[in-house]
Amino acid sequence: MEADWRRIDIDAFDPESGRLTAADLVPPYETTVTLQELQPRMNQLRSLATSGDSLGAVQLLTTDPPYSADAPTKEQYFKSVLEALTQVRQADIGNVIKNLSDSQRDVLVKYLYKGMSVPQGQKQGGVLLAWLERITQVSGVTPIVHYISDRRTV
Amino acid sequence: MSFSNSKDKSVVAVYKLVKAPIYSHCFSQDKSILAVTCETDCLVYRVSNNTPPVLFATLKDHDKTITAVDISIHGRIVTCSQDRNAYVWEPLSDGTYKPTLVLLRINRAATSVTWAPNGYKFAVGSSARIIAVCYYEHENNWWVSKHIKKPIKSTINCLSWHANGVLLAAGGTDGFMRVFSGFIKGLDSKESVAGSPWGQKFPFGCLIREWYQGSYIHDVEWRSQMERIAYVAHDGTLNVVDYQSPVQSVNAPEGLPYRSLVWINDHEIVCGGYSCHPVLFSEASEGWKFAKNLDKSDNNKSSALTASGNADELSGNNDESSTFGISALRKFKELDLKGKVSTDVQESAHENAIVELRPFAESNGQITQVSSCGLDGKIVIYTI
């Protein structure tokens, strides 16, 4: 009995108390991005990646990412991001990262961790880890700390 | 025992006081009295120059961990605790303290407490998504607590009063830094906020402004004469805001978050946190930037060694474009050959995270020394 006081539901009889829900943690976005609005961006990303402009592709995908989109849209968008990331040659990774700004590296790390959390990304785990290794060599733990604490998810 | 095990000149004194984390500490106005939290007690020390602090009172009335302590300009100590209460400790002439319980009317832990500049009211932050502003009512001989609830969504971590004693900045785990009005009728006068750039009317509990940071906010502090607020967050940033311009943000050079900050002057801030040593930031024409580390063990042999090792590995990888797996394997092999993992010994004065910084000495409006407390049970005084 004595040890159990932490398990007492102190909100049980307090209708005003209200627990924090997942929705409370969503940042206050002003608008939401739809899949339709993202389509041109995804096409552009694809064409940049296939034409071999890896820096252009990574700069595009790390600039102004669709934070406010809903989960299925983010899923769709992430597919094209992953495609673009895997098309960059290993030897180019270091160079691409060198040409990114700090905020772009933050976004890139978000996509890397996102990739590690979904099956299609886990198949490309080696590539994602190679990216992460290079980023941490350049920026240290800063982008990872940002990723952990940021509620704007990709 | 007052000693310094650091070669760095910025460390003035190190007091290893207790064997538990010190979550909060405070010096009295004349720096002769030091109060620290230690588990469920608040320990009060007498401090004089160049001698170790002498314990002279133990404030024992809380029955759960004390989370914060503050001393008013009149020498009254206020403590708040996870037991959901606050006590005001009135100093008596014989060196003891007379406790008065303050009923905060909250159902979760109290996390932070701070006296208003005039010393007649204080604010308590809590996990109950409430800020309790407490003041003394003579008629009832009782500390009254008034609540600020909306629109707080989560635990309040930190509070700071504006010098006018009305505006109250608060940061918490919902990722918002907010400015509320803590105006108490009969205690505060409207003249104190006349002409304030933050608004015209300041009824109690009114939300004046809010900023979204998105990560836990660990500490917030007003720079009243500039009408600016600085706060540190768990994403490792120091941020400075005012009533009109957008947030100015700067990253911690080591990436680890700060737990506390102190304004040194109008254009300098010192921060301390998980990197265990204070870091000075300064404002230049292009914005806020890192200025210098205090008490940091650099040119340490082992860290230089690992750094060069990394550099070798980096260039090696570029030449051979080897995959991650092979480089990881090689790393383990190298470690195996060396037969040791790391000799990187922490040489800063704090051996664990700094949780609170406070101004200690001041001359000509400039803070010259700050004190800190840490999870290692030490109080350290640094020269800026």
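The values are calculated or read from the model by the stated rules, or taken from the named source; none is laboratory data. Here the structure is a predicted model, which means the values were calculated and not measured. FYI the Cβ positions are ideal-geometry reconstructions off the backbone, even for glycines, and counts take in every protein chain you see. Please note that ligands, DNA and RNA were not included when accessible areas were found on the heavy atoms of the full protein model with its side chains. Shrake-Rupley method; radii C 1.70, N 1.55, O 1.52, S 1.80 Å.
Using the Cβ of residue A:140 as centre and a radius below 13 Å, the other residues enclosed give a net charge of -2, where K and R count +1 and D and E count -1. Over chain B, dividing the summed -39,500 (n - 2.57) contributions of all DSSP H runs of at least 4 residues by the number of residues returns a 222 nm mean residue ellipticity of -3000 deg cm²/dmol. In order along segment A:129-134, the Karplus-derived 3J(HN,Hα) couplings, from 6.51 cos²θ - 1.76 cosθ + 1.60 at θ = phi - 60°, round to 5, 4, 4, 5, 4, 5 Hz, and Gly and Pro are given as x. Per-residue 3J(HN,Hα) values for segment B:154-169, derived from phi via the Karplus relation 6.51 cos²θ - 1.76 cosθ + 1.60 with θ = phi - 60°, read 7, 4, 8, 9, 8, 9, 8, 8, 5, 4, 6, x, 10, 6, 10, 8 Hz in sequence order (x marks Gly and Pro). Computed from phi, the 3J(HN,Hα) profile of segment B:95-109 under the Karplus parametrisation 6.51, -1.76, 1.60 (θ = phi - 60°) reads x, 9, 10, 9, x, 10, 6, 10, 7, 7, 6, 10, 10, 9, 4 Hz, with x in place of Gly and Pro. Of the chymotrypsin sites (Phe, Trp or Tyr not before Pro) found in segment B:106-207, the ones in coil according to DSSP and having at most 16 other Cβ atoms within 10 Å of their Cβ are B:204. By its C-alpha gyration tensor, with a ≥ b ≥ c as the square roots of the eigenvalues, how is chain B shaped: rounded for a/c under 1.5, else prolate for a/b larger than b/c, else oblate? Note, shape of chain B comes out prolate. With a cut-off of 9 Å between beta carbons, the residues surrounding residue B:77 carry a summed charge of -1, where Lys and Arg count +1 and Asp and Glu -1.
State which entries of B:9/B:31; B:9/B:292; A:114/B:153; B:60/B:185; A:74/B:289 exceed 23 angstrom in Cα-Cα distance in the structure shown. Mind dumping the intermediate values first?
On the way: B:9/B:31 21 Å; B:9/B:292 13 Å; A:114/B:153 27 Å; B:60/B:185 33 Å; A:74/B:289 34 Å.
Distance filter (> 23 Å) returns A:114/B:153; B:60/B:185; A:74/B:289.
A 1.4 Å probe, protein heavy atoms only, puts the accessible area of residue B:221 near 50 Å². Taking the longest Cα principal axis of chain A as reference, the axis of helix A:102-117 is set at about 70 degrees. Build a GNM of chain B with springs between Cα atoms under 10 Å apart, and of B:159, B:187, B:104 the one that fluctuates most is B:187.
Close amide H partners of residue B:355, meaning residues 5 or more places away or on another chain with modelled amide H under 5 Å apart, are B:373, B:374, B:375. Ligands, DNA and RNA excluded, the heavy atoms of residue B:224 present near 20 Å² of accessible surface to a 1.4 Å solvent probe.
For segment B:243-260, a decrease in accessible area of 20 Å² or greater in the assembled protein chains relative to the isolated chain, with a 1.4 Å probe, applies to B:251, B:255.
Taking chain B as a Gaussian network of alpha-carbon nodes connected by springs under 10 Å, the highest mean-square fluctuation of the residues B:123, B:233, B:284 belongs to B:284.
Here the simple spin-label model places points 7 Å from the Cα toward Cβ, and for residue B:60 and residue B:149 these points are separated by 3.8 nm. Compute the angle between helix B:301-320 and the longest alpha-carbon principal axis of chain B, please, reported from 0 to 90 degrees and rounded to the nearest 10. Once rounded, the angle reads 60 degrees.
Which loop GluC sites (Glu not before Pro) in segment B:261-293, with loop taken from DSSP, have no more than 14 other Cβ atoms within 10 angstrom of their Cβ? Walk me through the intermediate numbers first.
Numbers: sites: B:268, B:283, B:286; in loops: B:286.
Taking segment B:261-293 and a limit of 14 other Cβ atoms within 10 Å, the loop GluC sites (Glu not before Pro) found are B:286.
Per-residue ellipticity at 222 nm from helix content only, as computed over chain A with -39500 (n - 2.57) for each DSSP H run of at least four residues, stands at -18500 deg cm²/dmol.
Positive contributions from Lys and Arg (+1) and negative ones from Asp and Glu (-1), summed over other residues with Cβ under 12 Å from the Cβ of residue A:87, come out at -1. Compared with the dominant principal axis of the Cα atoms in chain B, helix B:324-338 is inclined by about 80°. Residues considered: B:182, B:273, B:214. Largest GNM mean-square fluctuation over chain B, using C-alpha springs under 10 Å, is found at B:214. In this structure residue A:127 has an accessible area near 30 Å², from a 1.4 Å probe over the protein heavy atoms.
Leaving out ligands, DNA and RNA, what percent of the accessible area of segment B:1-101 is carbon and sulfur, probe 1.4 Å? For segment B:1-101, the apolar C and S fraction of the accessible surface comes to 49 percent. Listed by chain and number, the lysines placed with their C-alpha closer than 23 angstrom to that of residue B:331 are B:301, B:340; residues fewer than eight positions away on the same chain are left out.
Take peptide B:206-216, look around each residue's Cβ out to 10 angstrom, count Cβ atoms belonging to other protein chains, and average those counts.
On the way: counts 0, 0, 0, 0, 1, 0, 4, 4, 8, 6, 1.
Per-residue shielding by partner chains comes out at 2.
Loop-located trypsin sites (Lys or Arg not before Pro) across segment B:108-158 with a Cβ neighbour count of 14 or fewer within 10 Å are B:149, with loop assigned by DSSP. Partner aspartates and glutamates whose Cα lies under 16 Å from the Cα of residue B:19, excluding those fewer than 8 positions away in the same chain, are identified as B:39, B:41, B:351, B:376.
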